[in-house]
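**Student:** Quick one: this structure, given as structure tokens, is what I'll be asking you about.
The values are calculated or read from the model by the stated rules, or taken from the named source; none is laboratory data. None of the values given here were measured: they were computed from a predicted structure. Quick reminder, even Gly has a Cβ in these numbers, built from the backbone with ideal geometry, and neighbours come from all protein chains shown.
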Amino acid sequence: MATVLLDRVTKRFGRITAVDGVTLEVQDGQFMVLLGPSGCGKTTALRCVAGLERMDAGRIVIGGEDVTDRQPGRRGIAMVFQSYAVFPHMTVRDNITFGLRIRKAPAVEVLRRTQQAADLLQISELLDRYPAHLSGGQRQRVAVARAIVMQPAVLLMDEPLSNLDALLRLQMRAELKRLHRETGATTVYVTHDQVEALSLGDRIAVMRHGVIVQCDTPSAIYNRPASTFVGGFIGSPPMNFFRGTVEEGGRSVRVAGTAIGLEPRWAGAEGMGPGSEVVVGVRPEAFEVMAEARPGALPGVVVVVEPLGGTTLLTVSVGGETAKVSVAPDTDHEPGQRLWLRPLPDRMRLMEPGQGRALIPTEGGAHR
Ligand SMILES: Nc1ncnc2c1ncn2[C@@H]1O[C@H](COP(=O)(O)OP(=O)(O)O)[C@@H](O)[C@H]1O
Ligand SMILES: [Mg+2]
């Protein structure tokens, strides 16, 4: 096993800077997810780690060794691509053993490791079949087996589940999590799917325009997004944003005519001076929904009611903007209904309106 370090990595394609001075440290055995919208540079960053791209600047360090000038085959990595890159003219067994045979591993060793990888991926019964006779999900398992049979110190995966249908994707997601627990390989996993990232990652590095905008645990990324971009990209539906004005020296914020009380830790924080414009971020499940007017509750009108089984999603018109509010499925709501939304003070996020950067509360609240 090994640590992985991307050290100020830059990669350009002509005038496009695909990866722009990225530094990222992955601990030994960690499952790191690179998450971001299409085109933000995830694949390019991963290919730099693999040695498939020549970088314009920076270093790649794996297991403490600078591998920047090493060939992909000499970096102790294995990679699983989005397209199921399996050889169609080879059986599953030959696909899996291909790398080991190239390395001239002893036959008993090849047999043992193939069986082990096939067991882990639950494809032991498929070893003598050809890829044409496999489902998409089975083919992807073969691709993963072929990577882990090499017992790489570092496993790199680029959207390995994105070509699978929804149910299979859900199954494979859990399988990959189990696989990681059982192999312990340091993993860098690329996806644009925030649910996948939240479910799989020990840590998530959120990328945008070639840079990492936040790197933290899934819970911190979800609950304490560093910007409106992260809050808006993660969560389904995403975080709600309201424009507000700071009042009472940072003790409350006025949104759509309503003064909402803030936790004391906001008083005196940077960006919280009287009259400052702020963006108030509230997750759909972080409102108290009330049938009557209350202090600190925003008046709204229900526009759409969507029962989703486990929860019900309300679209609520609030002061000319709409908010998405998640409520228990057994609650009675209908379009046209008036209600009041009180953002839970400990779940509110405040951002500055320009770049959308999160404001930091005072008194040791920096991590809240
Ligand atoms: N081989 C290439 N030639 C030119 N431009 C590329 C190449 N590969 C990627 N790019 C560009 O670099 C940017 C990042 O691409 P990519 O790393 O594939 O993003 P992601 O994987 O996050 O979707 C995009 O603007 C893309 O068009
Ligand atoms: Mg990509």
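**Student:** Looking for something surrounded by 16 or more Cβ atoms within 10 Å (Cβ to Cβ) and not in a strand (DSSP E or B) - is there at least one such residue anywhere in the stretch 243-250? It would help to see each step written out before you state the result.
**Tutor:** Residues of the stretch 243-250 that are surrounded by 16 or more Cβ atoms within 10 Å (Cβ to Cβ), as a first pass: 244, 246-247, 250.
Of the ones still in play, those that are also not in a strand (DSSP E or B) are 250.
The answer is yes, given that some residue of the stretch 243-250 is surrounded by 16 or more Cβ atoms within 10 Å (Cβ to Cβ) and not in a strand (DSSP E or B).
**Student:** To continue, here is another question. Under 7 Å between Cβ atoms, at least 6 apart or on separate chains: pull out the pairs that start in the stretch 29-53 with a residue that is assigned by TED's automatic domain parsing to the domain that holds Gln71 and among the aromatic types (Phe, Trp, Tyr) and end on any residue that is assigned to a strand (DSSP E or B) and within 13 Å of ligand 2 (Cβ to nearest atom).
**Tutor:** Phe31/Tyr189
**Student:** Quick check on my filter: what residues within the stretch 25-49 are within 16 Å of ligand 2 (Cβ to nearest atom) and surrounded by fewer than 20 Cβ atoms within 10 Å (Cβ to Cβ)? Before you say what the answer is, go through the steps one by one.
**Tutor:** Within the stretch 25-49, the first condition is being within 16 Å of ligand 2 (Cβ to nearest atom), and the residues that meet it are 32-49.
Pro37, Ser38, Gly39 - these are the residues of the stretch 25-49 that are within 16 Å of ligand 2 (Cβ to nearest atom) and surrounded by fewer than 20 Cβ atoms within 10 Å (Cβ to Cβ).
**Student:** Considering the stretch 99-155 alone, what residues qualify as being of a type in the set (Gly, Ala, Ser), touching a helix residue (DSSP H, G or I) at 6+ places or on another chain (Cβ under 6 Å) and modelled with pLDDT under 90?
**Tutor:** Just the residues of the stretch 99-155 that are of a type in the set (Gly, Ala, Ser), to begin with: 99, 105, 107, 117-118, 124, 132, 135-137, 143, 145, 147, 153.
Checking the rest, the ones that are also touching a helix residue (DSSP H, G or I) at 6+ places or on another chain (Cβ under 6 Å) come to 117-118, 124, 137, 145.
Answer for the stretch 99-155, where residues must be of a type in the set (Gly, Ala, Ser), touching a helix residue (DSSP H, G or I) at 6+ places or on another chain (Cβ under 6 Å) and modelled with pLDDT under 90: just Gly137.
**Student:** Specify the residue that is surrounded by the most Cβ atoms within 10 Å (Cβ to Cβ); the eligible residues are those in the stretch 106-134 that are more than 20 Å from Met150 (Cβ to Cβ) and without any contact (Cβ under 8 Å) to a residue 12 or more places away in the chain. Give the derivation first.
**Tutor:** Our first condition is that a residue be more than 20 Å from Met150 (Cβ to Cβ); within the stretch 106-134, this holds for 125, 128-130, 132-134.
From what is left, the residues that are without any contact (Cβ under 8 Å) to a residue 12 or more places away in the chain are 125, 133.
On the way: Glu125: 9, His133: 11.
Out of the qualifying residues, it is His133.
**Student:** Counting just the residues of the stretch 223-242 that are surrounded by fewer than 21 Cβ atoms within 10 Å (Cβ to Cβ) and in contact with a Pro (Cβ under 6 Å, 6 or more places away or on another chain), which one comes out farthest from Met351 (Cα to Cα)?
**Tutor:** Per the stated criteria, the residue is Pro237.
**Student:** For residues in the stretch 92-102 being without any contact (Cβ under 8 Å) to a residue 12 or more places away in the chain and not hydrophobic (A, V, I, L, M, F, W, C), which is surrounded by the fewest Cβ atoms within 10 Å (Cβ to Cβ)?
**Tutor:** Per the criteria, the residue is Arg101.
**Student:** Determine whether Asp158 is within 16 Å of ligand 2 (Cβ to nearest atom), in contact with a helix residue (DSSP H, G or I) (Cβ under 9 Å, 6 or more places away or on another chain) and among the acidic types (Asp, Glu). Step through it out loud before you land on a result.
**Tutor:** Working: within 16 Å of ligand 2 (Cβ to nearest atom): yes; in contact with a helix residue (DSSP H, G or I) (Cβ under 9 Å, 6 or more places away or on another chain): yes; among the acidic types (Asp, Glu): yes.
Answer is yes for this residue.
**Student:** Tell me the residue from Arg265, Arg254 that is at pLDDT below 95 and surrounded by 13 or more Cβ atoms within 10 Å (Cβ to Cβ), please.
**Tutor:** None of the others qualify; the one that does is Arg265.
**Student:** Mind listing whichever residues of the stretch 40-75 are in a loop (DSSP other than H, G, I, E, B) and more than 16 Å from ligand 1 (Cβ to nearest atom)?
**Tutor:** Looking only at the stretch 40-75, we keep the residues that are in a loop (DSSP other than H, G, I, E, B), and these are 40-41, 51-56, 63-64, 67-71, 75.
Those that are in a loop (DSSP other than H, G, I, E, B) and more than 16 Å from ligand 1 (Cβ to nearest atom): Gly63, Gly64, Val67, Thr68, Asp69, Arg70, Gln71, Arg75.
**Student:** Going through Arg254, Arg294, Arg265 one at a time, which residue ends up being touching a helix residue (DSSP H, G or I) at 6+ places or on another chain (Cβ under 6 Å), among the basic types (Lys, Arg), away from ligand 1 (no atom under 16 Å from the Cβ) and more than 25 Å from Met157 (Cα to Cα)? Write out each step before concluding.
**Tutor:** Numbers: Arg254 fails: touching a helix residue (DSSP H, G or I) at 6+ places or on another chain (Cβ under 6 Å); Arg294 fails: touching a helix residue (DSSP H, G or I) at 6+ places or on another chain (Cβ under 6 Å).
So the residue among Arg254, Arg294, Arg265 that is touching a helix residue (DSSP H, G or I) at 6+ places or on another chain (Cβ under 6 Å), among the basic types (Lys, Arg), away from ligand 1 (no atom under 16 Å from the Cβ) and more than 25 Å from Met157 (Cα to Cα) is Arg265.
**Student:** Of the residues Ala220, Ala226, Ala286, which is at pLDDT 95 or above and in the same structural domain as Trp340 (by TED's automatic domain parsing)? Spell out how you get there, then give the answer.
**Tutor:** Numbers: Ala220 fails: in the same structural domain as Trp340 (by TED's automatic domain parsing); Ala226 fails: in the same structural domain as Trp340 (by TED's automatic domain parsing).
Only one candidate qualifies: Ala286.
**Student:** In the stretch 149-178, what count of residues is obtained for those that are aliphatic (A, V, I, L, M) and over 17 Å from Ile62 (Cβ atoms)? Write out each step before concluding.
**Tutor:** Narrowing the stretch 149-178 to residues aliphatic (A, V, I, L, M): 149-150, 153-157, 161, 164, 166-168, 170, 172, 174, 176.
Checking which are over 17 Å from Ile62 (Cβ atoms) leaves us with 149, 161, 164, 166-168, 170, 172, 174, 176.
Qualifying residue count for the region: 10.
**Student:** Also: Taking Leu198 as meeting all but one of (1) modelled with pLDDT of 95 or more; (2) surrounded by 24 or more Cβ atoms within 10 Å (Cβ to Cβ); (3) of a type in the set (A, V, I, L, M, F, W, C); (4) away from ligand 1 (no atom under 15 Å from the Cβ), write down the number of the exception.
**Tutor:** It fails just one condition, (2).
**Student:** Taking Val86 and the conditions (1) farther than 24 Å from Glu182 by Cα; (2) hydrophobic (A, V, I, L, M, F, W, C); (3) in contact (Cβ under 8 Å) with a residue 40 or more places away in the chain; (4) part of a loop (DSSP other than H, G, I, E, B), which numbered condition does it fall short on, given that it satisfies the others?
**Tutor:** Checking Val86 against (1) farther than 24 Å from Glu182 by Cα; (2) hydrophobic (A, V, I, L, M, F, W, C); (3) in contact (Cβ under 8 Å) with a residue 40 or more places away in the chain; (4) part of a loop (DSSP other than H, G, I, E, B), the one that fails is (1).
**Student:** Which condition does Ser162 not pass, out of (1) more than 30 Å from His89 (Cβ to Cβ); (2) surrounded by fewer than 18 Cβ atoms within 10 Å (Cβ to Cβ); (3) touching a Ser or Thr at 6+ places or on another chain (Cβ under 8 Å), if it passes all the others?
**Tutor:** Result: Ser162 fails condition (1) only.
**Student:** Looking at Ala78, Ala145, Ala166, which one is without any contact (Cβ under 8 Å) to a residue 40 or more places away in the chain and either more than 16 Å from ligand 1 (Cβ to nearest atom) or closer than 25 Å to Gly29 by Cα (or both)? Don't jump to the end; show me each part of the working.
**Tutor:** Details: Ala78 fails: without any contact (Cβ under 8 Å) to a residue 40 or more places away in the chain; Ala145 fails: without any contact (Cβ under 8 Å) to a residue 40 or more places away in the chain.
From the options Ala78, Ala145, Ala166, the qualifying one is Ala166.
**Student:** Going by what's in this entry, would Thr114 be described as β-branched (Val, Ile, Thr), within 16 Å of ligand 2 (Cβ to nearest atom) and part of a helix (DSSP H, G or I)? I'd like the intermediate steps shown before the answer.
**Tutor:** Numbers: β-branched (Val, Ile, Thr): yes; within 16 Å of ligand 2 (Cβ to nearest atom): no; part of a helix (DSSP H, G or I): yes.
Against the criterion (β-branched (Val, Ile, Thr), within 16 Å of ligand 2 (Cβ to nearest atom) and part of a helix (DSSP H, G or I)), Thr114 does not qualify.
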